[in-house]
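Asks: First the structure, then my questions, so here it is.
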Amino acid sequence: MEKRALIVVDVQYDFCPAGALAVRGGDEVVSLINALTPRFPIVVATQDWHPPGHASFASSHPGTKPLEVIELDGIRQVLWPDHCVAGTPGAEIHAGLDLRPVRAIVRKGTDPRVDSYSAFRDNHREHPTGLAGLLRELAVAHVVIVGLATDYCAAASARDAVEMGFAAEIWLPATRAVGAPPGHLERTLAELRSLGVVLRDDLP
Ligand code: VGL
Ligand code: ZN
């Protein structure tokens, strides 16, 4: 079988209960992912890593509130509470996640002007993170995506993976979703399916 990599997306305190951008049940993925990592020859993780005042923060746009949608440099941007500010405790990867099998941690969202949901490139689809090159050099043809959040960073990573020539799956039980705005999760999953992303409802 072709070589598979596990991509562990944004399992960070700010996406866990009590975090700044808490995703319901976010911390529940930790033990599920720990059980998966030994089964993959390559495991990489991503870390949302924003400078203070990042353009995705509602606080950077006076008069707006989190979860409002604006147009930012010509693309749709959901505004978020301040989260995953580089170097803060909320930006740390959950201490329960076993990082020993993780070969590389890719940080993203570091450009103050543009958001970066995907593990592969920013939301303008202009600046790659380098992950595609790393995976290709390691002869990975197929990626399995788990982590947070299903409907934003996991989804964007799967979409880009397919577009960049990888086969992609999301293993849904090891993800949790933001679930906003209404209907976004369902639309996103339908779109991913139509692009050929395999959405698994169980964990093997
Ligand atoms: C994420 C919103 C903002 C995610 C990151 O990891 O899904 N969502 N930044
Ligand atoms: Zn973010």
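What follows draws every value from the coordinates through simple rules; no lab data is involved. Predicted model only: the values in this text are computed from it and were never measured. Using ideal geometry, Cβ is built from the backbone for each residue, glycine included, and neighbour counts are taken over all protein chains shown.
Asks: Long-range amide H contacts for K3: which residues qualify at under 5 Å (H placed 1.01 Å from N, peptide plane, sequence gap of 5 or more or a different chain)?
Replies: Close amide H contacts, sequence-distant or interchain: A141.
Asks: OK, next. Suppose only helical runs count, i.e. DSSP H with n ≥ 4. What mean residue ellipticity at 222 nm does that imply for the chain under -39500 (n - 2.57) per run, divided by all residues and rounded to the nearest 500 deg cm²/dmol? Working shown, then result.
Replies: Details: 4 runs with 35 residues, N = 204.
Helix-only estimate at 222 nm: -5000 deg cm²/dmol.
Asks: Which residues' amide hydrogens lie under 5 Å from the amide hydrogen of R176, considering only partners 5 or more residues apart or on another chain, with H built in the peptide plane?
Replies: Those lying under 5 Å, H to H, from R176 are G147, T150.
Asks: Another question, then. Give me the Å³ per residue figure for the convex hull around the C-alpha atoms of the chain.
Replies: Dividing the Cα hull volume of the chain by its residue count gives 112 Å³.
Asks: Among S194, S59, S157, which comes first, second and so on when ranked by fewest other beta-carbon atoms within 10 Å?
Replies: Lowest to highest Cβ neighbour count: S194, S59, S157.
Asks: Find the centroid of the Cα atoms in the range 92-153 and in the range 12-38, then give the distance between the two in whole Å.
Replies: Cα centroid of the range 92-153 versus Cα centroid of the range 12-38: 16 Å apart.
Asks: Only bridges with both residues in the chain count here: give the DSSP antiparallel percent, nearest 5.
Replies: Beta bridges within the chain, antiparallel portion: roughly 20 percent.
Asks: Another question, if that's okay. For P66, what charge total do you get from the other residues with a beta carbon under 14 Å from its beta carbon, if Lys and Arg give +1 and Asp and Glu give -1?
Replies: -3
Asks: What is the order of T37, T46, fewest Cβ neighbours within 10 Å to most?
Replies: Fewest to most other Cβ atoms nearby, the residues stand as T37, T46.
Asks: Trypsin sites (Lys or Arg not before Pro) within the range 117-162: which are DSSP loop residues with at most 16 other Cβ atoms inside 10 Å?
Replies: Here the sparse-neighbourhood loop sites are R125.
Asks: In the range 16-99, which GluC sites (Glu not before Pro) are in a loop and have at most 15 other Cβ atoms within 10 Å, using DSSP for the loop call? Numbers along the way, then the final one.
Replies: On the way: sites: E28, E68, E71, E92; in loops: E68, E92.
Sites meeting the loop and neighbour criteria: E68, E92.
Asks: Report the Rg/Rh value for the range 95-204, based on alpha-carbon coordinates and the Kirkwood definition of Rh.
Replies: 0.95
Asks: Each residue of the range 181-197 in turn: what ³J(HN,Hα) in whole Hz from Karplus with 6.51, -1.76, 1.60 and θ = phi - 60°, glycine and Pro shown as x?
Replies: x, x, x, 5, 4, 5, 4, 5, 5, 5, 5, 4, 4, 5, 8, x, 6
Asks: Mind listing which trypsin sites (Lys or Arg not before Pro) in the range 5-102 are in a DSSP loop and have 15 or fewer other Cβ atoms within 10 Å?
Replies: R24
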